[in-house]
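The values are calculated or read from the model by the stated rules, or taken from the named source; none is laboratory data. Note that the structure is a prediction, hence the values are computed from the model and not measured. Heavy atoms of the whole protein, side chains included, go into the accessibility calculation; ligands, DNA and RNA do not. Shrake-Rupley method; radii C 1.70, N 1.55, O 1.52, S 1.80 Å.
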Amino acid sequence: MVRRPVAWVAAIVLLVEAVGFVFVNGLMATVVDNQQMSLAGLDPDAMSTGAWSAGGALGLYLLVCAGLLVRAATTDRGFGRVAKPVVISCAVLHGVLGALAVGLVGWTAFLFMMVVLGLLVLTLVAYGEQREPAAKAADAAPAETGPSAA
């Protein structure tokens, strides 16, 4: 089945994206700190610390999502009650970032975000609830309908 390779690819892409986000936010923090830039009177040190913190938090979040995808790919089991909303929120984040990327960065960034969104949604759908055992149990049970079932 295709779900394991898709989960692996999505996890690898999220790992690369986590490193990229931390790098870009670190670069912005360094530039703000070196140039002593200020936005609306904010302290440049606070802006630098905020950029590092935001990059680290987003990078950690993407690493957790990648870890959940790796777990799903290695065990070939679906997501639990906590893991599924985390991966869904990661998909929503990529949808929102993709919408913002069109205006701020360009269509290439939008395309990348939509590919990641597609990988996440495909993984979520592939590891969705399994309905086959319930259908097999319903087929195996004798049908007790009609007057002769007594």
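Summary table below
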| item | result |
| --- | --- |
| Residue within region 60-82 that is open to solvent by less than 80 Å² (accessible area, probe 1.4 Å), aromatic (Phe, Trp, Tyr) and assigned to a helix (DSSP H, G or I) present | yes |
| Residue within region 21-29 that is within 18 Å of the chain's Cα centre (by Cα), open to solvent by 80 Å² or more (accessible area, probe 1.4 Å) and under 22 Å from Leu111 (Cα atoms) present | no |
